[in-house]
């Protein structure tokens, strides 16, 4: 159920945010009016910069967890953790620098991470490539 919910949420984010269509226009395919630009003062830099520092520290901690992992399952979980933290960092950078293509990269990374985690879990559960 978690996997299905994650795919549905990521698909909805892609359709609604990245294609810049209003929810009613998705079926018709009509482009929406450009969204008003929200200045950086909507969330002050006092909040964004410490969040980026914290997420960067979490990346370092996740890397240490990956290096210290004892078995393959722990490494898969650590790589999934690193992917989630990298998605958070990309989202923060996208907001801070006011560029949209980092959100595209974040969505692509989250989809690839999800598929890779499911593939690794199925591989490990079956006992090998021919199991």
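Every read-out reported here was derived from the displayed coordinates using simple, explicitly stated rules and does not represent laboratory data. For clarity, every value in this text was computed on a predicted model and none was experimentally measured. Here the Cβ positions follow ideal geometry from the backbone for every residue, glycine too, while neighbour counts run over all protein chains shown.
Quick notes on this structure:
- Percent of C-alpha pairs per 10 Å bin, region 44-131, short to long: 17, 39, 29, 12, 3, 0
- Computed from label points 7 Å out along Cα-Cβ, the spacing between residue 72 and residue 119 is 1.5 nm.
- In this simple spin-label model, placing a label point 7 Å from the Cα along the Cα-to-Cβ direction at both residue 98 and residue 111 gives a separation of 2.8 nm.
- Full extension of the segment from residue 64 to residue 84, taken as 0.36 nm per residue of separation minus the current Cα-Cα distance, would add 5.7 nm.
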